[in-house]
Amino acid sequence: MNNPFHLSFTVPNSREAEAFYIDVLECKKGRDTCNWIDVIFYGHQLTIHQESEKVPSQAIDHFGVILGKEEWRAVFKKLQCLGTEIVLAPTKSSDGSKSESGKFIIKDPAQNLIEFKFYKCHSAP
């Protein structure tokens, strides 16, 4: 990965968010100050802050990651088996062509929408 991104947001319950990202999405945990935690989200850094009186949480419209097709399928299958709420079921376009792509959307415990995509041109051969 050439240029990972950093995304910081506030949630109502940082420990619930931590469990989701670490246990469900199998991300790696980074720094933890009790007020915020870093999560390595598919090579990118999420900093998840505990809401406070001064900084209330507010759901993000959406963010996401682009995976290879097989990893995309595996992540969806795992989330489905765990009973994770699927906001947008997997959709694919241009199936079989070189412009084939797909996406699905879930919510984290703070109601942030997370979009998982694949593009054939980004998949392993």
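The values are calculated or read from the model by the stated rules, or taken from the named source; none is laboratory data. The structure displayed is predicted, hence computed values, not measured ones. Because the Cβ atoms are built from the backbone with ideal geometry, glycine has one as well, and the counts that use them run over all protein chains shown. In case anyone asks, the SASA skips ligands and DNA or RNA and just uses the protein heavy atoms, side chains included. Shrake-Rupley method; radii C 1.70, N 1.55, O 1.52, S 1.80 Å.
Treat each spin label as a single point 7 Å out from the Cα along the C-beta direction, and report the residue 32 to residue 98 distance in nm.
If labels sit at residue 32 and residue 98, their model points lie 4.7 nm apart.
Calculate the tail of P(r) for region 42-81: the fraction of all Cα-Cα distances greater than 15 Å, expressed in %.
62
Based on DSSP, what percent of beta bridges with both residues in the chain are antiparallel, to the nearest 5?
Approximately 65 percent, going by the DSSP bridge assignments.
Quantify, in whole percent, the carbon and sulfur part of the accessible surface of the chain (1.4 Å probe; protein heavy atoms only).
52
Evaluate the charge dipole of region 1-59 about its Cα centre and quote only its size in Debye, nearest 20, assuming +1 on the Cβ of each Lys and Arg and -1 on the Cβ of each Asp and Glu.
Magnitude of the dipole: close to 160 debye.
Please build a GNM for the chain, connecting alpha carbons under 10 Å apart, and tell me which residue among 67, 46, 88 fluctuates the most.
The residue with the greatest mean-square fluctuation here is 88.
Per residue, how much accessible area does the chain have with a 1.4 Å probe, in Å²?
On a per-residue basis, 60 Å².
Tell me, what is the percent relative contact order of the chain, built from C-alpha pairs under 8 Å that lie six or more residues apart?
Result for the chain is 25 percent.
How high is the FRET efficiency from residue 111 to residue 66, r the C-beta distance, R0 22 Å, rounded to 0.05?
Once the sixth-power term is evaluated, E becomes 0.45.
With a ≥ b ≥ c the root eigenvalues of the C-alpha gyration tensor of region 55-125, is it rounded (a/c under 1.5), prolate (a/b larger than b/c) or oblate?
Prolate shape, in that a/c is at least 1.5 and a/b is the bigger ratio.
Taking the Cα centre of region 1-124 as origin and charging only Cβ (+1 Lys, Arg; -1 Asp, Glu), how large is the dipole, in debye to the nearest 20?
Taking the Cα centre of region 1-124 as origin, the dipole is about 460 debye.
With the crude spin-label approximation of a point 7 Å out along Cα→Cβ, what separation in nm comes out for residue 52 versus residue 88?
3.5
Once every DSSP H run of n ≥ 4 in the chain is given -39500 (n - 2.57) and the sum is divided by its residues, what mean residue ellipticity at 222 nm do you get, rounded to the nearest 500 deg cm²/dmol?
-4500 deg cm²/dmol
Under the definition of Cα pairs under 8 Å and six or more residues apart, what whole-number percent is the relative contact order of region 1-68?
38
Taking 2.2 N^0.38 Å as the expected size of a compact globular protein, what ratio does the Cα radius of gyration of region 14-79 give against it, to two decimals?
Dividing the Cα radius of gyration by 2.2 N^0.38 Å gives 1.22.
By how many degrees, between 0 and 90 and to the nearest 10, does the Cα long axis of helix 69-81 differ from the longest principal axis of the chain?
The helix 69-81 is inclined about 60 degrees to the chain.
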